[in-house]
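Chemist: The structure is given below, and queries will be raised subsequently.
The values are calculated or read from the model by the stated rules, or taken from the named source; none is laboratory data. This is a predicted model, so every value here is computed, not measured. Note: ideal-geometry Cβ built from the backbone for every residue, glycine included; neighbour counts use all protein chains shown. Areas reflect the complete protein model, heavy atoms only, side chains present, ligands, DNA and RNA absent. Shrake-Rupley method; radii C 1.70, N 1.55, O 1.52, S 1.80 Å.
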Amino acid sequence: MDGKIVTAVGTPNKALIMYWGNRNTQLNLPFNSSLSITLGGDLQAKTSVVFSKSFKEDVIYFNGERIVLNGKAEGKMAALKLVLDQMRKMAGTTSKVLVVSKNSFPTGTGMASSAAGAVAFVYAASEALGLSLDTAQKSILARNISGSACRSLDGGFVMWHKGSNPDGSDSYAEQVADHRHWSEIIDMIAIVSEKQKKVSSTEGHKRTSSTSVLFKARVPYADAAVQAIRESILQKDFDSLAEITMQDSNNLQATMLDSWPPIVYLNSTSHEIIEAIHELNEREGRYVAAYTFDAGPNAHIITRTRDKAKVKEALSGINGIKQLIEVPQGDGPKILDESESLIDPETLKPVA
Ligand code: PMV
């Protein structure tokens, strides 16, 4: 185990039924279950990990920035340190770690890459420590770092069971169908803004669940929507998938606006996109595409490969769209070959 370099790659996911609000903030235990599509293509985070007795401290290089994981670590880095300690305990070791992580997300798109990074880390570290964990166990570790990341532990369509145990042992991700089941489904991401989100998701989860009156209605609604969309996926019923996806996006944005102080992530271009998709669907007399937004103004347009030209055409007149990226479904995290390592095996330092 000591000195074994393992490299893994992880990808982000886009929720169709979203996670927003925690019943336990420490463990990222959600109020409602959620369901997502694992994204593939170029949106990848690559992470190499090595544990060694020769290291004096835990160090992570994140896109070239050196961060020491000590008591001063904050936010996601503090959560990562806790997970690291947990994994070391499971493996019965005290060796410190070197983590080198890079992502190949198109730069300047303002797209969150933390899920991909968290998943690649858990995948590589559990292999480096010789832990034989199944997907559900790894998803629990990833959930502790960044809630929605747990759904990136598998490919295709993935459901995150909210669970009810106070320790989070039944709050894990499970694949509904792999990427081959309905491979025609793609995500066309319309980049509208490159700015960081105004309200972090950590703050948003808290604010909405503690102040929004509508949020109380959202929780049972979202749980029912997860079950309904699961059926749409299994039956490959695009009409119902599209309708449920758009309704969940609007429901979530409504609870965000209903928070106090209000949270507004969409901008005028996002609203133009919403209108354009409704017009497209009406014009065609069927569901061609569905929009869904996260904690930001960028639109994810869920459609089928056969209809992508129609979507492009429908969005072509919207000036505020900076980039349209076509993303296929991903098949989940992977261990990569030694030749892909970001750590030099001779020096145990990041490769230049
Ligand atoms: O995992 P977090 O804390 O970044 O929250 C993600 C929340 C949404 O992206 C808005 C929804 C989701 O389920 O991914």
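Chemist: Based on DSSP loop calls and a cut-off of at most 12 other Cβ atoms within 10 Å, the longest stretch of the chain free of exposed GluC sites (Glu not before Pro) is what?
Modeler: Between the exposed loop sites, the longest stretch runs 75-345.
Chemist: Separation of segment 21-47 and segment 195-221 by C-alpha centroid, Å?
Modeler: Here the two parts' Cα centres lie 15 Å apart.
Chemist: Could you give P(r) for segment 185-327, binned at 10 Å from zero, as whole percent values over all Cα-Cα pairs?
Modeler: Going from the shortest bin to the longest, the percentages are 12, 39, 35, 14, 0.
Chemist: How fast does segment 1-40 diffuse by Stokes-Einstein, in µm²/s, taking the Kirkwood radius from C-alpha pairs at 25 °C and 0.890 mPa s?
Modeler: Working: Rh = 12.8 Å.
It diffuses with D of about 192 µm²/s by this estimate.
Chemist: Follow-up. Name the lysines eligible as straight-distance cross-link partners of LYS4: C-alpha to C-alpha under 24 Å, and not fewer than 8 places from it in the same chain.
Modeler: Qualifying lysines at Cα under 24 Å: LYS46, LYS53, LYS56, LYS81, LYS89, LYS96, LYS102, LYS138, LYS334, LYS349.
Chemist: When the Cα atoms of segment 273-314 are enclosed in a convex hull and the volume is divided per residue, what value in Å³ results?
Modeler: On the way: hull volume 2.6 nm³, N = 42.
It is 62 Å³ per residue.
Chemist: DSSP loop trypsin sites (Lys or Arg not before Pro) in segment 204-251 with at most 13 other Cβ atoms within 10 Å of their Cβ, which ones?
Modeler: Loop-located and lightly packed - LYS236.
Chemist: OK, next. Of all the Cα-Cα pairs you can form in segment 14-85, what percent are over 19 Å apart?
Modeler: Above the 19 Å cut-off, segment 14-85 has 56 percent of its Cα pairs.
Chemist: Something else: Let me see the P(r) profile for segment 283-352: every Cα-Cα distance counted, bins of 5 Å, each bin given as a percent of all pairs.
Modeler: P(r) over segment 283-352, rounded to whole percents: 3, 11, 17, 15, 11, 8, 9, 10, 8, 5, 2, 1, 0.
Chemist: Could you bin all the Cα-Cα distances of the chain into 10 Å bins starting at 0 and give me the percent of pairs in each, rounded to whole numbers?
Modeler: Once binned at 10 Å, the Cα pair distances of the chain give 6, 25, 34, 23, 10, 2, 0.
Chemist: OK, next. Run the simple label-point estimate for GLU184 and SER164 please: 7 Å along Cα→C-beta, distance reported in nm.
Modeler: Placing both labels 7 Å along Cα→Cβ, they lie 3.9 nm apart.
Chemist: Another one. Where in segment 173-279 are there chymotrypsin sites (Phe, Trp or Tyr not before Pro) that are in a DSSP coil and have at most 11 other Cβ atoms within 10 angstrom of their Cβ? Let's see the in-between values first.
Modeler: Numbers: sites: TRP182, PHE215, TYR221, PHE238, TYR265; in loops: TRP182, TYR265.
When the chymotrypsin sites (Phe, Trp or Tyr not before Pro) of segment 173-279 are filtered for loop state and at most 11 Cβ neighbours within 10 Å, nothing remains.
Chemist: Give me the accessible area of MET77, 1.4 Å probe, in Å² rounded to the nearest 10.
Modeler: Per-residue accessible area (MET77): approximately 40 Å².
Chemist: Put one equal scatterer on each alpha carbon of segment 127-226, apply the Debye formula with no solvent term, and list log10 I(q)/I(0) at q = 0.11, 0.12, 0.22 1/Å to two decimals.
Modeler: The computed values of log10 I(q)/I(0) come out as -0.48, -0.57, -1.31.
Chemist: OK, next. Using Cα pairs closer than 8 Å and at least 6 residues apart in sequence, work out the relative contact order for the chain, in percent.
Modeler: Numbers: 775 pairs, mean separation 86.6, N = 352.
So the answer I get is 25 percent.
Chemist: Right, next: If you stretched the chain out fully between LYS349 and LEU82, how much longer would it get, using 0.36 nm times the residue separation minus the C-alpha to C-alpha distance? Kindly include the intermediate steps, with their values, before the conclusion.
Modeler: Numbers: separation 267, 0.36 × 267 = 96.12 nm, distance 2.31 nm.
Difference between extended and current length: 93.8 nm.
Chemist: At 27 Å minimum axial length over the Cα atoms and a Kyte-Doolittle cut of -0.5, report the qualifying DSSP H helices in the chain, or say none.
Modeler: 215-235, 238-257
Chemist: Using only DSSP helix segments of four residues or longer, with each worth -39500 (n - 2.57), what per-residue ellipticity at 222 nm results for the chain after dividing by its residue count and rounding to 500? Kindly include the intermediate steps, with their values, before the conclusion.
Modeler: Details: 8 runs with 120 residues, N = 352.
Rounded to the nearest 500, the figure is -11000 deg cm²/dmol.
Chemist: I would also like to ask the following. On alpha-carbon atoms, Rg over Rh for segment 201-281 using Kirkwood Rh?
Modeler: Here Rg/Rh amounts to 1.02.
Chemist: In whole angstrom, note down how far apart the Cα centers of segment 239-265 and segment 305-352 are.
Modeler: First find each Cα centre; the distance between them is then 26 Å.
Chemist: Lys pairs in segment 185-327, Cα-Cα under 26 Å, at least 8 apart or on separate chains: how many?
Modeler: So the count works out to 17.
Chemist: Per residue, what accessible area does segment 185-327 have, given a 1.4 Å probe and all protein chains present, in Å²?
Modeler: Computed with neighbouring chains in place, this is 47 Å² per residue.
Chemist: Additional query: Summarise the accessible area of segment 18-142 (1.4 Å probe, protein heavy atoms) by the percent that is carbon and sulfur.
Modeler: Within segment 18-142, the accessible surface is 50 percent carbon and sulfur.
Chemist: Using 0.36 nm times the number of residues separating TYR221 and LYS72, minus their current alpha carbon distance, what extension gain do you get?
Modeler: Working it through step by step, the gained length comes to 49.7 nm.
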